Amino acid sequence: MEKVLQTNSLDSLGFRRRPGTCLLARLCRGKERRSLSSTAANIFEGLENGLIVMALGLMMALPLAESLLRRVFGVGITGSAVFVQHLVLYVGMLGSVIAARKGRLLSISFVTTYLQGKWKTAASVYANLFAVVITCYLVIASIQFILAKKIVGDTLIHGVPLWPILLILPFGFALVACRTFLQVCSSWTIRCVAFLIITAMLSIGTVVSAKSLVLPGIVGLLLASVLGAPIFTVLGGAAMILFWGNGQPIAMVPINHYRLTVDATLPVIPLFTLVGYFLAESGAAQRLLAIFQTIFSKMRGGAVIITTVVCALFTAFTGASGVTILALGGLLMPILISSRYSQRNTLGLLTSAGSLGLLFPPSLPPILYAVVATTIGSEITIGSIFLAGLIPGVLLLVLTWWWGIRSDPSTYIQEALSGTKALKAVLQAKWELLLPVVALVSLFSGIATPVEAAAFTALYALIIEVCVYRDLKFFRDVPRVMVECGLLVGGVLIILGVAMGFTDFLFTVSVPERLVEWAKNSIHSKWLFLIALNIFLLVVGCLMDIYSAIIVVAPLIIPLGREFGIDPLHLAIIFLANMELGFLTPPVGMNLFLSAYRFDVPMSEVIRSILPILLVLLGGVLLISYVPFLTTALPHLCLLYTSDAADDLLCVNLGGRR
């Protein structure tokens, strides 16, 4: 025994080890491995961040350079529009990879908020396992799509083959799958078991018929969705399962993803989102608040007017009501509390105000609706849908003001407005006050395409926040803001792309035609149809995010609206207004979760706080639904509804020009 101990205490050269040396060496080697792993991860993250910043920068610069060269020299940059469209694909995939890295892929789950301990861990493991499996199938489907493109020999511009450009699809989905897998559990033992389960689930299709897996697959996906699986895996998984069960290739999903992300008008979405992020990350909110406080603070209900107008402005530019709640909630709550609003009314107002700007230009949902409607033959332009949304948007704002004035407990002594203070506040924020003017003039005047208008607005916002106000440092803050913008855009575009695949399946099996036939036989009144439509859309709005709903649901209801003689613009605003209200509808409206998270209050308290203003806004949505004049008046007045000249003026056709 002593001999053995002596032998074990010798190192490889025969020298006696010092006690603890072996343990110390192992610890050092472990630290070195972790250090190398951390360094590699940091390099990789830096590469991802740098690529998405570069892509967004090129997306902003190329349309402006092409427009300038075309006007000065009469010759633009050949293929710039196509290049910008494919940059959207790269921003979308890189943004989704970064979102997966930070655990911020969008999901809608209310069940996990009530789970604790082992049950919550089990739910997370199940949801992430399903998400990894579906994402792996998206990798396989993307490879099939690329191989088909390689065989066909499609080119991009100047004879450049398309298939290498598309490699971002399988590469991006693979990274998302890897990062989702690492979130299954921190224990490597559980990860090894999870890997074996994933391998088995990926190979099951080779031994079991496709049709027999459709029902179990859909049920499993629904359960994963309830337990917190990312939205894109639920929609993408459903699309692939249904295509597969119908005997069609699962490559249809990445095909539709690609088709949507390279749409000619889609670059508008990341560019206007970037504008919103430049504003949200700078001191713009404080400067705008100073103006409205100077003008409205001594007015009864003035705090409500301040809150709603600032929230509507930010939501219009970011296109995300959740960003508004998270970014401005801390600034606006003290204003309402100091005006003696109760904690409950303050919470309800801030939760609802985040969605009030979705109908105003240059908000992203109306743009996306116009893109989707155009693809299925509905004559809606970006300009006309924004004009149609102005009066309904103002109506919802005014109704919120009315509720705020009635709920205001303070008794004000009316004071004269200080012209000096107001002028000082306006002058301080004058460049930001011009931002909506810049966006709207460039968008509606016809001097630029929508993509060029969005790029110019983004450049204007960058210049005023970096060079004029100096709230953002060019090398320190701007890349960070662009990465955050890319993360949000990527999280949205990955949902939209796979949702387009799901929509394509619905059209493949003639679901819209069957719905129209059923509605004709079951509903015999236009007004009864509108009642049913409002109820249906409210349910959709609280169960789906607005972008998925536009891709999946809008193509189904547009033919129904046409059958019942509803104006396409009127139907569009009904749809968007109901989605706006759906954000607030208990028990699973998205703004309810974000508000509970932002203000650290129980969900039940948020729901109680929102009910009074929800009823007020519901009245506004019903007015919008049953008084078509509110939506159609401005488009008809401005001759942008049916005139062919409208498309020339707005340059919204493919390629940006006729």
Practice task
Could you please find all residues in the range 187-219 being in contact (Cβ under 8 Å) with a residue 12 or more places away in the chain and either in contact with a Lys or Arg (Cβ under 6 Å, 6 or more places away or on another chain) or open to solvent by 80 Å² or more (accessible area, probe 1.4 Å) (or both)?
Solution key: Phe195, Lys211
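Criterion first (modelled with pLDDT under 85, part of a helix (DSSP H, G or I), over 20 Å from Glu281 (Cβ atoms) and open to solvent by 10 Å² or more (accessible area, probe 1.4 Å)) does Ile295 satisfy it? Outline the logic, then answer.
Numbers: modelled with pLDDT under 85: yes; part of a helix (DSSP H, G or I): yes; over 20 Å from Glu281 (Cβ atoms): yes; open to solvent by 10 Å² or more (accessible area, probe 1.4 Å): yes.
For Ile295, the condition - modelled with pLDDT under 85, part of a helix (DSSP H, G or I), over 20 Å from Glu281 (Cβ atoms) and open to solvent by 10 Å² or more (accessible area, probe 1.4 Å) - is met.
Does Ile464 satisfy the criteria of being touching a helix residue (DSSP H, G or I) at 6+ places or on another chain (Cβ under 6 Å) and under 28 Å from Gly236 (Cβ atoms)?
no
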Problem - Positions within the range 463-492 being modelled with pLDDT of 90 or more and under 24 Å from Ala251 (Cβ atoms), in sequence order - result: Gly490
Fill in the blank from the handout: Cβ pairs under 8 Å, 6+ apart or interchain, first in the range 475-501 and at positive phi, second buried (at least 24 other Cβ atoms within 10 Å of the Cβ) and not acidic (Asp, Glu), ordered by first then second residue, are none
Fill in the blank from the handout: Taking the range 111-163 and keeping residues among the polar types (S, T, N, Q) and touching a residue at least 60 places away in the same chain (Cβ under 8 Å) leaves Thr112, Thr113, Thr121, Ser124, Asn128, Thr135, Ser142, Gln144
Practice task
Check whether at least one residue in the range 65-72 is more than 26 Å from Phe456 (Cα to Cα), in a helix (DSSP H, G or I) and among the charged types (D, E, K, R), and report yes or no.
Solution key: no
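Please work out if Leu622 is farther than 23 Å from Leu493 by Cβ, open to solvent by less than 40 Å² (accessible area, probe 1.4 Å) and touching a residue at least 40 places away in the same chain (Cβ under 8 Å).
Details: farther than 23 Å from Leu493 by Cβ: yes; open to solvent by less than 40 Å² (accessible area, probe 1.4 Å): no; touching a residue at least 40 places away in the same chain (Cβ under 8 Å): yes.
When the stated conditions are applied, Leu622 does not pass them.
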Practice task
Please enumerate the residues belonging to the range 234-291 that are polar (S, T, N, Q) and open to solvent by less than 30 Å² (accessible area, probe 1.4 Å).
Solution key: Asn256, Thr261, Thr265, Thr273, Ser282
Problem - Subset of the range 124-182 [open to solvent by 50 Å² or more (accessible area, probe 1.4 Å), polar (S, T, N, Q) and within 21 Å of Ala238 (Cα to Cα)] - result: Gln144
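On the basis of being more than 30 Å from Glu465 (Cβ to Cβ), hydroxyl-bearing (Ser, Thr, Tyr), surrounded by fewer than 24 Cβ atoms within 10 Å (Cβ to Cβ) and modelled with pLDDT under 85, does Thr420 make the cut?
Values: more than 30 Å from Glu465 (Cβ to Cβ): no; hydroxyl-bearing (Ser, Thr, Tyr): yes; surrounded by fewer than 24 Cβ atoms within 10 Å (Cβ to Cβ): yes; modelled with pLDDT under 85: yes.
No; evaluated as a whole, the condition is false for this residue.
Whether any residue in the range 576-583 is aromatic (Phe, Trp, Tyr) and open to solvent by less than 10 Å² (accessible area, probe 1.4 Å) is what I want to check.
Narrowing the range 576-583 to residues aromatic (Phe, Trp, Tyr): 583.
Then keep just the ones that are open to solvent by less than 10 Å² (accessible area, probe 1.4 Å); that gives none.
Looking for residues that are aromatic (Phe, Trp, Tyr) and open to solvent by less than 10 Å² (accessible area, probe 1.4 Å), one finds none in the range 576-583, hence no.
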Handout entry: Residues located in the range 522-558, provided they are out of contact with any Gly (no Cβ under 9 Å at 6 or more places or on another chain), surrounded by 16 or more Cβ atoms within 10 Å (Cβ to Cβ) and over 25 Å from Ser363 (Cβ atoms)
Key = Ile523
Practice task
Those residues that are without any contact (Cβ under 8 Å) to a residue 60 or more places away in the chain, hydrophobic (A, V, I, L, M, F, W, C) and open to solvent by 40 Å² or more (accessible area, probe 1.4 Å), I need them from the range 434-456; list them, please.
Solution key: Leu434, Val437, Val441, Ile447
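The values are calculated or read from the model by the stated rules, or taken from the named source; none is laboratory data. Everything quoted here is computed from the prediction, not taken from an experiment. Neighbour counts run over all protein chains shown; Cβ positions are idealised from the backbone, glycine included. Calculation scope for accessible area: heavy atoms of the full protein, side chains included, ligands and nucleic acids excluded. Shrake-Rupley method; radii C 1.70, N 1.55, O 1.52, S 1.80 Å.
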